[in-house]
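To start, the structure itself, in structure tokens.
The values are calculated or read from the model by the stated rules, or taken from the named source; none is laboratory data. The structure presented is a predicted model; accordingly, all values stated were derived computationally and were not measured. In this analysis, Cβ positions are derived from the backbone assuming ideal geometry, glycine residues included, and neighbour counts consider all displayed protein chains. SASA here: full protein model, heavy atoms, side chains in, ligands and nucleic acids out. Shrake-Rupley method; radii C 1.70, N 1.55, O 1.52, S 1.80 Å.
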Amino acid sequence: MSDRAEMRGPAARRRRTTIGNAVKQANGSKWHDHGEKPPRCPAKAKTDEALRAASNNGDLGSRMSGQQHANAPRGQKSAAEDIHDRLSCHVLQESLLSSASGYSNYRGILNWCVVMLVLSNARLFLENIIKYGILVDPIQVVSLFLKDPYSWPAACLIIVSNVFVLAALYIERRLAVGTISETTGRILHVFNLASLLIFPSAAVLTVPSVTPVGGVISLGIYTVLFLKLYSYQETNKWCREIRQAKAKRLTRSYSCPSVAQSNGSMGHTHVSYPGNLTHRDVYYFIFAPTLCYQLNFPRSPRIRKRFLLRRLFEMLFFMQLLVGLIQQWMVPTIQNSMKPFQEMNFSRMVERLLKLAVPNHLIWLIFFYWFFHSSMNFVAELLQFGDREFYKDWWNSETVTYFWANWNIPVHKWCLRHFYKPMLKKGINRRLAQTAVFLVSAFFHEYLVSVPLRMFRLWAFMGMMAQVPLAWFVSRFLNGNYGNAAVWISLIIGQPVAVLMYVHDYYVLHYGGST
């Protein structure tokens, strides 16, 4: 039988091909549904019986391919494999754009979105240049800081901040040796921290030569110092509590928990309390890109010069890009938005808001990269600071709370360590504690905007507090990509609304309503 099949190999293959074509052309579902057999040609009956016998004994394709594999030349399919491929051209599968398909490689669509974004923004930027000309002026930026060429009030404010840093250090030294009580030290720290917020705001409000930009920078530095010094005194207080708990054990030194695990480099010696109360230690913490103090920070083994130069180049380039975009794109759009706001023309207001949303959001994204990646990595590399987690994947946020917890890791760690967890330990409800965190954040946002502008409108405060119901709504009713889209919409639309509100009120207050 096998010898005869080999002798009739070409003829049999031609018959089987004809059978395969006939089966594909016929309405197979009709015969299959009624349980009837399709009519066959008598001349092809033997071939059909051979195929059916092979099919009943096992897989047709694998059986035929096993018989003819030795005779078939390499690179060519056997006749059985060819017939099997023609008979079964459909499999159970989902469309690629369906969520059930499990397909996730949308790189081409992402590239298309980037190309479309670049082209649309290029058109807007070209339209801006044709309409307004070149407005970029680096000299104008310097004048924002120096309204009076013989007085540098913002720089003087920043230099004076060293007084508060040294005051915190000396209070901790007195507490370490026991010359003042814990109650007295607590009162002195409260006074020092309160002065960190009151003194610079009073100076900005009373000194006319302090510009809004200089005021924002100086108040921002004082706010960072407030958060750092609060963490500094809290951590040292925990160390004193540990030392008091171990007072009966005669050891050479005592330190906070997890000191041995916190330092990743063997080139730096461990510091234990109260050996950390030095000028070198406190100023390292002041310049380190973190808000949470600990006695021994993780340290990198060396300074990577090429990495440092790349971050420095990015800092300089993106700073110039930010200034140019603000002058060329933001300022004309804001100026043209004042008249619709004064006339309360809602359609024009919405049009101006959407027009401002694109450059505002682009500037915000560039600022994020400039500050949280380039600048903070530059400082960390210079100080060999090992913890480089300054942000996480906030762009994948599906809830509002996930965004606020991951886009600014230093602030999130401070809130978690010194505010949120202590409230939970006192028995406060978790949702109430989250609301309290947003309340503190709203206060500092308003503090950094209203004081330099010398007006109090609470737009930033209300914008931050609006995140609480928004976070509840998104987490309750939106999931996955819909939640991520809601987060992006809140970022793209919410910020320009606050910007227009403040700029409009500032122009009305200082220029009598004329734009």
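Structural remarks
- Averaged over its residues, the stretch 201-243 has an accessible area of 32 Å² per residue, based on protein heavy atoms and a 1.4 Å probe.
- Charge tally in the Cβ shell below 14 Å around Ser475, where Lys, Arg are +1 and Asp, Glu are -1, Ser475 excluded: +2
- Cross-link pairs exceeding 28 Å between alpha carbons, from the set Lys237/Lys425; Lys228/Lys355; Lys305/Lys421; Lys237/Lys413; Lys237/Lys305: Lys228/Lys355; Lys305/Lys421; Lys237/Lys305.
- Near-label residues of the stretch 366-409 by backbone N, under 13 Å of a point 7 Å along Cα→Cβ of Phe317: 370, 374
- Accessible area (Å², per residue) of the stretch 278-341, counting only protein heavy atoms and a probe of 1.4 Å: 53
- Cα-based shape type of the stretch 396-508, given that a ≥ b ≥ c are square roots of the gyration tensor eigenvalues and the cut on a/c is 1.5: oblate
- Positive minus negative residues near Gln384 (Lys, Arg vs Asp, Glu; Cβ under 12 Å): +2
- Tensor-based shape of the stretch 316-420 (alpha-carbon gyration tensor, a/c under 1.5 rounded, otherwise prolate or oblate): oblate
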